[in-house]
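The structure appears below as structure tokens.
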Amino acid sequence: MSWNRKRSRFEIGMLIAPTTILITIMFLLPLIYFLRVSFNQNILGGFMESAWTIENYIGFFRDPYFLKILWNTIYISITATTLTFVMAFPIAYILARMTSRWKGVLIALVVFPLLVGNIVRDIGWIAFFSQNGLVNRILTQIGLTDSPVQFLETPPAVIIAIANVVLPYMILSIQAVIERINPALEEAAIDLGASRWQVIRTVVMPIAMPGILAGTLFVFILSMNAYTTPLVIGGTKVQMMAPALYAQITEVSNWPMGSAMAIILIIITLLSSILYLRVIERTTSSNKNTTTTEVKG
Amino acid sequence: MKRQSKWLTLLKWIPIFLIFGFIILPVFMVLWISFFSTSLITFPPKGYSFKWFLELLHHQEFLSSFFLSLKVSFFAMIISLVLGLLGSFALIRFNFKGKKILELLFLSPLIVPTIITGIGIYIFLFNVERLIGIDMVPNLWALVTAHVIICIPWTVRLISAGLQSINPSLEEAAIDLGSTRIQAFVKIVLPNLRPSIIAAGILSFIHSFNNLEISLMLVRPGELTLPIEILNYVFWKVDPLIATVSTIQIILIGILMWIANKFISIGKVF
């Protein structure tokens, strides 16, 4: 028995070791190194000097330029996540309840843009939003404006482009949970006199909550981490954390500040995710209470 | 009365059509402008032509970066498949201490911004290089390894899901009948896992092929991956030529997705 156990332990080790070692060396260690560099001292015009200082963090939170970038990142991510949820829910619901052979086609249609890659889609958005792009052409044609409107390098364009990137994830994760809800539940509620909207709000939404949570959270994290879209669509006017920290390292060659920004981005994303889960937990549990009291009343 | 309700249902479908339109809008725009005849993009176009696709043959940089991307993504796919297969097998078939932590570790590259992962790998290899004096960055294998890191979460997730649906008693039966563990794995598990492995391979290939951030610091000047080559061009201008490059990428990925869809339902992947 003990021999057998030892043997299987050896086997597990052999199976697990290559991936674990690779991820530890090439992913975890570099992240820890990032953390270390963020406490180093930047030498103007030179490389950094080894130190233990929180100067970079203080410098980040004192500089309105950096705070603006952080604020952009957060509010664009929240808005994009909300917009995505509003668009994703009806699509997810319809896909989940669909039985025709078109379902597969529609799902492929949802997934496809996701796989095409951000830079390719951003080219499409530039052709759509630029000064002589499609939108401006339509606007001038119908006489809404005389001179072209600036869409690129504005927050709404960045939000729309990011929402477009993350929408498939949201649709699929909500669709997956709605699919598992028995349609008989909804029919029962309708038979008992509930309206469609009531059914969705009080029957479907609460049961689909895990999928909605997972979807919104993942989409929020993806938006916070977005690189290509803010870089290409946001340009220099709407900066977000990921491209800004890359610029700190490669253009300004301030490695400590770039590293500090990376750590700040990771920590703020983690903290807001935890906060979000807490808030949702609280509001849904209080919701449950009110519905039960309503029923009792 | 009945007619009115018909109109109402039609009205209800309008937002759905709009959202679907929104989903495919950027891809549609790229496909559309790649056929514009003039270099300057104007709406409506002055005419349509295929000439940009021929013009592409004169742009060596796109061809060579396309092949570099193919090469990197291919190696990253093979390596991450092997690693994902081994790792998932241990995670699904055995119970051991620290299993949850390992699971989290394997999926963690999904949550950390890819740009940070890419810079991190660069700094790390740069320092190793200074320590031991062997050139490590930029180097094709450093680039491939970085791509492996971002592909592992995909292969682990997909292959784990596939393994979960294969009854372990099949392997046990084979072992009871006298085959070794490795024989059981090769003859029983691998054939049953085939759809998951193919899908995991294709999706990690696509994920690697598209990824721009991971390669930014790891490419050699003059030897860029396709997304970086496209990005550099877009900073300069957006014209039908760059749209045709993108169109070719769209077609390639469309074919790959169509193949993957034959093995697993693609909506279940994400």
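Computed from the coordinates by the stated procedures, all read-outs in this text should not be read as laboratory data. The structure displayed is predicted, hence computed values, not measured ones. For neighbour counting, all protein chains shown are included, and Cβ atoms are generated from backbone atoms with ideal geometry for every residue, glycine included.
Evaluate E = 1/(1 + (r/R0)^6) for A:Trp71 and A:Arg196, where r is the Cβ-Cβ distance and R0 equals 35 Å; express this FRET efficiency to the nearest 0.05.
For A:Trp71 and A:Arg196, the calculated efficiency is 0.35.
When the chain is fully extended, how far beyond the present Cα-Cα distance does B:Arg194 get from B:Ser165, taking 0.36 nm per residue of separation?
Between B:Arg194 and B:Ser165, full extension yields an extra 9.2 nm.
Cα extents of the range A:45-108 along the three principal axes, largest first, in whole Å?
Principal extents (largest minus smallest coordinate, Cα): 64, 23, 20 Å.
Given labels modelled 7 Å from the Cα in the Cβ direction, how far is it in nm from B:Ala173 to B:Lys100?
Here the modelled spin labels are 3.5 nm apart.
Other chains' Cβ within 10 Å of A:10-17 residues: what's the mean?
5
Between A:Trp52, A:Trp125, A:Trp71, where does the largest GNM mean-square fluctuation fall for chain A, given springs only between Cα atoms within less than 10 Å?
Its mean-square fluctuation being the largest, the pick is A:Trp52.
For A:Glu281, B:Glu103, B:Glu229, which order do you get if you count the other beta carbons within 10 Å of each Cβ and list the fewest first?
Sorted ascending by nearby Cβ count, the order is A:Glu281, B:Glu103, B:Glu229.
Give the Debye-formula value of log10 I(q)/I(0) at each listed q (0.15 Å⁻¹), with one equal scatterer per alpha carbon of the range B:59-268, two decimals each.
Here log10 of I(q) over I(0) equals -1.01.
Kindly identify the range B:15-101 as rounded, prolate or oblate by the Cα gyration tensor criterion: order the square roots of the eigenvalues as a ≥ b ≥ c, call it rounded if a/c is under 1.5, otherwise compare a/b with b/c, prolate if a/b is larger, else oblate.
It is oblate, given that a/c is not under 1.5 and a/b is not larger than b/c.
Considering only B:Ile150, B:Ile16, B:Ile166, give the residue with the highest GNM mean-square fluctuation for chain B, with springs between Cα atoms whenever their separation is below 10 Å.
In the Gaussian network model the winner is B:Ile16.
For labels at B:Glu61 and A:Ser8 in the simple 7 Å Cα→Cβ model, what's the distance in nm?
Placing both labels 7 Å beyond Cα along the Cβ direction yields 5.8 nm.
Whole-Hz ³J(HN,Hα) for each residue in the range A:187-192, computed from phi via Karplus 6.51 cos²θ - 1.76 cosθ + 1.60 with θ = phi - 60°, x for glycine and proline: what do you get?
So the J values, rounded to whole Hz, are 4, 4, 4, 5, 4, 7.
With a ≥ b ≥ c taken as the square roots of the eigenvalues of the C-alpha gyration tensor of the protein assembly as shown, please select rounded if a/c is under 1.5 and otherwise prolate if a/b is larger than b/c or oblate if it is not?
Note, shape of the protein assembly as shown comes out rounded.
Using 1/(1 + (r/R0)^6) with R0 = 30 angstrom and r between the beta carbons of A:Tyr33 and A:Arg180, what's the FRET efficiency to the nearest 0.05?
Result of the calculation: an efficiency of 0.10.
Place a point 7 Å from the Cα of A:Asp63 along the Cα-to-Cβ direction; which residues of the range A:27-46 have their backbone N under 13 Å from it?
Within reach of a label on A:Asp63, which here means backbone N under 13 Å from a point 7 Å along Cα→Cβ, the range A:27-46 contributes A:42-45.
Over chain A, with a Gaussian network built from C-alpha contacts below 10 Å, which listed residue (A:Tyr33, A:Tyr57, A:Tyr93) shows the highest mean-square fluctuation?
Result for chain A, Cα springs under 10 Å: A:Tyr33 fluctuates most.
Collect residues whose amide H, placed 1.01 Å from N in the peptide plane, falls under 5 Å from the amide H of B:Phe36; neighbours closer than 5 in sequence don't count.
Here B:Ser49 satisfy the definition.
Calculate one ³J(HN,Hα) per residue across the range A:62-71 by plugging θ = phi - 60° into the Karplus curve 6.51 cos²θ - 1.76 cosθ + 1.60, and present them in order as whole Hz with x for glycine and proline.
Taking θ as phi minus 60°, the curve returns 9, 8, x, 4, 6, 4, 4, 5, 5, 4 Hz for the range A:62-71.
Given the convex hull of the Cα atoms of chain A, what is a quarter of its surface area in nm²?
26.2 nm²
In terms of the Cα gyration tensor, with a ≥ b ≥ c the square roots of its eigenvalues, is the range A:95-179 rounded because a/c is under 1.5, prolate because a/b exceeds b/c, or oblate?
Taking the square roots of the gyration eigenvalues as a ≥ b ≥ c, the range A:95-179 is prolate.
Quick one: which of A:166-173, A:58-65, B:108-115 comes out on top by average Cβ neighbours within 10 Å, and what's the full order, highest first?
Packing proxy ranking, top to bottom: A:166-173, B:108-115, A:58-65.
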